[in-house]
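So the structure is just underneath, and the comments pick up after that.
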Amino acid sequence: MRVRAAQVGAVGAWFLRLRPWIVGPPVMLMVVMMAVAGASTVRLALLIAVQGPMLLFFIAEAIWLSRRGTLAFVTERQLARSLVITLLGITAACCLTGAWRSPALPVLLAPVGVSFAAFGARPWGLRMLLGLVVAMFALVVVGLLDGWLPVMPIAGVQSVIAVVVTALLLLAGVAGLTTAHRRAAATLDDMRIAVVEESQLRVRDVEAVGARVAHDVRNPLAVVKSLLQLEAQRNVDAKSTERLNVALQQVERIDGVLGDYVSLSKPLTDLRLEPTDMVGLVESVGRAVESVALERGVSIQLKLPTGRADVLVDAQRVRDALLNLMLNALEATARGGSVGLELELTDREVVMTVADSGSGMTADQVRRASEPFYTTKSNGTGLGVPSAQGCARQHGGSLNYQSEQGRGTTARLGLPLQLAGKAGGA
């Protein structure tokens, strides 16, 4: 908004400096032509009395802006006020030169057109439109007094002059303001792109550091875990064993959080595409979570196509993504429920579907499912789904959720189909 206002203010100042040179000569020429054509002294005096102050205002305004140099700038209120004065002055001139039959009538469009270019349909633009309506109504009323205001002498010539003046004013105002709006839009686009690029670089740096820290922490954590396991295997009392088991559980929890964070940061690095048997990959994920399903009393329904299906993917990332989706589904399913894991190959993509019979999600939960650190679980990290989403996007695919409260949730992970044999021959 500020960029646009600055551009409009600068162009508005340029227009107001130029305006006396466009309007002044035609006004003086009109007075001279009326005098030569034998217009009455009263009409000439009234015309000079109306147009003289208007021209002096234009000149004073132009001098004030010129003294400010290249930094000349007008606010929207200043520009609107000047255009209103212009509209009033032209209306008065039309009243004295034939009302609705005045050759100066086209010039009324100039200040209104410039206001539309500057303000659009905002309040000042609508006020100028209302002013034009009022001006035309006034000209109609004055025009009914035919005996007092005869038709302007040399009306044809002055009509041509009025049209030229209107065209020049619109050219100076509308064209300049249109260019200003376009320039402002381009500047805003450049600023927006710069902000986005800077934010992306900052996020990449922060996440890269975080991933490195998480990776380095896991190494000593593995040593701690190993020592705790060795200590727990010794013949110690029951109380000590219980404490060691609690410590092991907390270490495993920390390791899981770090694993999720590392997985989330993987999209920052390039994919390692390799021919992968998707049937075997999905089957291995199903086997990996069998113990979790057995412990929770949940059955796994695996549906796979027959044979092999070699596709170019980053096998480790796809496995991690699918494993996250399966673990989420198992945690959302009550004892006695089931989780379905299906692999389907279409003409264009590889589709892995995980469907649970849990309580489902609300529309807001579905919308926020891919937000990092958003979770509804007391011990969740909120990094599993964003990690899977990142895997899908970097492969050029998508991760979509369909859920209904009381009827479960279905996660659909779709990746572009790149058959290993065809890709290798390309």
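The values are calculated or read from the model by the stated rules, or taken from the named source; none is laboratory data. Not measured: the values here are computed from a predicted model. Positions of Cβ are generated from backbone atoms using ideal geometry, with glycine treated the same way; all protein chains shown enter the neighbour counts.
Points to keep in mind about this one:
- Residues of region 310-349 that are of a type in the set (S, T, N, Q) and either touching a Cys at 6+ places or on another chain (Cβ under 9 Å) or part of a helix (DSSP H, G or I) (or both): Gln316, Asn324, Asn328.
- Selection status of Leu105, at pLDDT 85 or above, within 22 Å of Ala167 (Cβ to Cβ) and in contact with a helix residue (DSSP H, G or I) (Cβ under 6 Å, 6 or more places away or on another chain): no
- Ser291 meets each of the listed conditions (1) more than 43 Å from the chain's Cα centre (by Cα); (2) hydroxyl-bearing (Ser, Thr, Tyr); (3) assigned to a strand (DSSP E or B) apart from (3).
- Residue selected from region 356-397 under the condition surrounded by fewer than 19 Cβ atoms within 10 Å (Cβ to Cβ) and not in a loop (DSSP other than H, G, I, E, B), by the criterion modelled with the lowest pLDDT: Arg368
- Verdict on Arg253 being of a type in the set (Lys, Arg), modelled with pLDDT of 75 or more and over 13 Å from Arg317 (Cβ atoms): no
- Filter result for Leu65 (surrounded by 15 or more Cβ atoms within 10 Å (Cβ to Cβ), touching a Lys or Arg at 6+ places or on another chain (Cβ under 6 Å) and part of a helix (DSSP H, G or I)): yes
- Residue match in region 332-347 (condition: surrounded by 16 or more Cβ atoms within 10 Å (Cβ to Cβ), at positive phi and either under 35 Å from the mean Cα position of the chain (by Cα) or not hydrophobic (A, V, I, L, M, F, W, C) (or both)): no
- Residue satisfying all of: in region 110-127; at pLDDT 80 or above and in contact with a Ser or Thr (Cβ under 6 Å, 6 or more places away or on another chain); farthest from Ala80 (Cα to Cα) among these: Ala110
- Subset of region 294-309 (residues that are assigned to a helix (DSSP H, G or I) and among the aliphatic types (A, V, I, L, M)): Leu294
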